[in-house]
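What follows is a set of notes on a single structure, which appears directly below.
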Amino acid sequence: MGLESKLINDGFFTTTIDALAAWARESSVWPMPMGISCCAIEMMASGDPKYDISRFGSEVMRFTPRQCDLMIVAGTVTYKMAHVVKKIFDQMPEPKWVIAMGACTSTGGMYRSYNVVQGIDQFLPVDIYAAGCPPRPENLLNALMQIQEKIGKTRVKDFPDPPHISHETKQADLSLSKN
Amino acid sequence: MKELLKEKLEKQFTTVQFEFIEQFDELTLKFDKSAIVNICAFLKDEDGLKFNFCEDITAIDWATRKNRFAVVYHIFSMENKFRLCLKVDVDESECSVESVSSIWKAANWAEREAYDMYGITFLNHPDLRRMYMPEEFEYHPLRKEYPLMGIPGAIPLPKK
Amino acid sequence: MQKLTKDDVHPKIVQTLLGADVHITVDDALENEMILNMGPQHPATHGVLRLLLRLDGETVIACIPELGYLHRGYEKMAENMSYLEFIPHTDRLDYISPPANNVAYALAVEKLAGITAPPRAQYIRMLLAELARMCSHLVAIGALAMDVGALTVFLWGLREREKIMDFFDVICGARFTTSYTRIGGVASDVTTDTMKNIIAFIDQFEEKFDEMERLLNGNRIFIERLEGVGVINKEDAIDLGFTGPNIRASGVEFDLRRATPYLFYNEMDFNIPVYTEGDCLARYFVRADELRESAKIVRQVIDKIPNGEVMLNSPKKVLPRKTEIYTKMEELIHDFMIVNFGINPPVGEVYHAVENPKGVLGFYIVSKGEGQPWKMKIRSPSFANIQAIPHLVKGQMISDVVAIVGSIDPIMGEADK
């Protein structure tokens, strides 16, 4: 992204910067808590003084997607809510990861009914599934640590620049004679 | 309290046929659906009864009976600490009943939910929209013929 | 929050919003009104509640809440599973205080089946219901304070709540979604060691809660943000279907533990805090006082708890004990029949309501004599409480909306079912 995408040769200097960037990214994962139902309470509990999540670098649980890199989908996703989740996911800047927390997001959970999406991987690319109903806070912290491991292994070549879209700006028609 | 209720109702509404059912310490009243608004207004305002709290409004789908739906009202009197259950039968061909939201404002959303889930229209309701399902949804989920897993494609999912 | 275009919202909702009962006029206001979407994903709406606000500058003229983002189809699922299988689902209704919902459901089904749990089981249920009430009010006060700006109180409240969840862990086996009660009693017994630890916790809880209150009660910002905001008077509150701490803050002394006593509440000595102002500050004070009353009740329950069994010995309706299932034939058959075909209560209907931390939770069960209910309706307190939001926010500012929603304390899991 940005500066590092210019350094495409695999020299010693660039691989160190690469590793440095990956370490910086993994040590300060800012989660976007998509707290929908009961799992959101366990996510709150993983932020409380007993199961501190800020010692993992995730102190800041911003509720705005523009500043986050990890989306924790916590709670049952219904068909009506799926559009909202997808919209928020699209608003997050790259690179981004998703934890599907709980049984409801992984496979629909105990809700085999007409309004529950049977697994959010039908419309979101999920990285880690945390099992449980709800998963204990330690379980969520384990999922976070696995995401950190995954991020630590990424290198610059995994994040290609987005395809260049040429915006053809139309000249505004300011001529006086309009036909 | 139960005797007082029976006495007052039968004195006031001589044309309405009441059916009193007592089960598990609870009193249920069954009558024809055309009298619902008058009876509810009477129950709310009359001295000694004062049913000022509308707890819940719902409907039962009996599926095979002649009057397919039964609309159930649970009301509570805070003074007398007495709970009463009112039931009216609604047929599928004429799937509507008068709304009591002019008497208790709490009935507003409960009736909207009954409309959403069962398709029973409430006449003179100030704002009859769907409650839980999206507005474009065509079915009524709690009817017995609607499958538990839903009809695939009824609500669209976003693309990956 | 985003400004909406006409395509984002269904036209029926916009029509209702524009046609809402408008009698507020603001002097020197801007010419145009704006429709703002306080969407399902928002840090300060407690869960997935969508509020569409019609604003004139910063003053709210009308508000339409939209539910359904967490509608999981409980009532349809209940028609397809037996009474025992539905118990874990009741956990997830008011998911801040799961044991309280379990107790409510078990009481409703036992009323239908015509059985009563043994006294020790009822005392244990009371103990759990009051501990759950403390959990719920700690989160409610913490979330209200956090919405208004005081973040420390939230973390302190969660710290105390973790200690209560440790007790749930020891008693019920799970710290959060407990599924502890069964039809006819509770799943397992409580040891005297646990009860001693609970008393030790309550002893130190009073001082810790005093600390939390000291942070808030004298705080000028907190009081000015909540005082006089979202006032509702007595008649409107009853008419709109408000229950729980919200209605007790408007001067109505209505608590189902006193009005229609269940379990052994008529033998417990506790007060019902009632305030008359009806604004957000009064609702906060009611919850704070109820926390102390619950601590009192827990002490009395542990004092008075009798010895005995925790499950009823009625083989046709209640699951037999595991030790007997493994050794005796009759109990094995009963266990098989109950697990596979469900308890078969008599034909009839029952409506039972209890006082949950959020308000009145009622279960309306219609049975045709089969193992599965023919219909189950859950009367959830948050559904009725959210109905009052449009009435409360008229004429207030946007930031007051946040305080009002926080003081009403809705939980979308039960409002959407």
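Every number in this text was worked out from the coordinates using simple rules, so none of it is lab data. Please read all numbers here as calculations on a predicted model, not as lab measurements. All Cβ positions, even for glycine, are placed from backbone atoms using ideal geometry, and neighbour counts span all protein chains on display.
In the stretch C:339-393, taking the dipole from charged Cβ atoms about the Cα centre, the farthest positive-side position among C:Tyr351, C:Ile365, C:Leu392 is held by C:Leu392. Between helix C:280-304 and chain C, what is the angle of the helix's C-alpha long axis to the longest principal axis, kept within 0 to 90° and rounded to the nearest 10? Value to nearest ten degrees: 10.
Helical runs (DSSP H, four residues minimum) scored at -39500 (n - 2.57) apiece and divided by the length of the protein assembly as shown put the mean residue ellipticity at 222 nm at -12000 deg cm²/dmol.
Give the residue list of trypsin sites (Lys or Arg not before Pro) in the stretch A:36-120 that are DSSP loop and have at most 13 other beta-carbon atoms within 10 angstrom.
Numbers: sites: A:Lys50, A:Arg55, A:Arg62, A:Arg66, A:Lys80, A:Lys86, A:Lys87, A:Lys96, A:Arg112; in loops: A:Lys50, A:Arg62, A:Lys96, A:Arg112.
Here the sparse-neighbourhood loop sites are A:Arg62.
What the phi angles of the stretch A:76-84 give under the Karplus curve with 6.51, -1.76 and 1.60, with θ = phi - 60°, is a coupling list of 6, 9, 9, 4, 5, 7, 4, 5, 5 Hz, glycine and proline written as x. For the stretch C:342-397, the dipole from Cβ point charges (+1 on Lys and Arg, -1 on Asp and Glu) about the Cα centre works out to 200 debye, to the nearest 20. Any idea how far apart B:Asp91 and C:Arg321 come out in nm if each label point goes 7 Å out from Cα toward Cβ? Here the modelled spin labels are 5.7 nm apart.
Averaged across the residues of A:40-47, what count of C-beta atoms belonging to other chains lies within 10 Å of each residue's C-beta?
Values: counts 6, 12, 4, 0, 7, 6, 0, 3.
Across A:40-47, the average partner-chain Cβ count within 10 Å equals 5.
May I ask for the longest run of chain B untouched by GluC sites (Glu not before Pro) that are loop-located per DSSP and have at most 15 neighbouring C-beta atoms (other than their own) within 10 Å?
B:1-45
Backbone amide hydrogens, once placed in the peptide plane, bring C:Arg379 within less than 5 Å of C:Gly362, C:Phe363, C:Tyr364, excluding anything fewer than 5 places away on its chain.
Working from Cα positions, state the angle (0 to 90°, nearest 10) between the long axis of helix C:398-408 and the longest principal axis of chain C. Compared with the principal axis, the helix lies near 20 degrees.
Are there trypsin sites (Lys or Arg not before Pro) in the stretch B:3-96 that DSSP marks as loop and that have at most 10 other Cβ atoms within 10 Å, and which are they?
B:Lys66
Here's the picture: charge each Lys and Arg Cβ at +1 and each Asp and Glu Cβ at -1 in chain B, and of B:Pro147, B:Ala106, B:Phe18 the one pushed furthest to the positive end of that dipole is B:Pro147. When +1 charges are put on Lys and Arg Cβ atoms and -1 charges on Asp and Glu Cβ atoms, the dipole computed for chain C relative to its Cα centre reaches about 1260 debye. Taking Cα atoms, how many degrees apart are the long axis of helix C:119-148 and the longest axis of chain C, rounded to 10 and kept between 0 and 90? Computed tilt is about 20 degrees.
Rounded to the nearest 20 debye, the dipole magnitude of the protein assembly as shown is 1380 debye, with +1 charges on Lys and Arg beta carbons, -1 on Asp and Glu beta carbons, and the Cα centre as origin. Past the 30 Å Cα-Cα mark, which pairs from C:Lys111/C:Lys322; B:Lys144/C:Lys417; B:Lys30/B:Lys81; C:Lys304/C:Lys358; C:Lys196/C:Lys317; A:Lys50/C:Lys377? Violating the 30 Å limit, Cα to Cα: C:Lys196/C:Lys317; A:Lys50/C:Lys377.
Between B:Ala41, B:Pro126, B:Phe51, the Cα set farthest toward the positive side of the dipole of the stretch B:18-160 (charges on each charged residue's Cβ, about the Cα centre) is that of B:Pro126. Taking the DSSP beta bridges with both ends in the protein assembly as shown, the antiparallel portion is around 70 percent.
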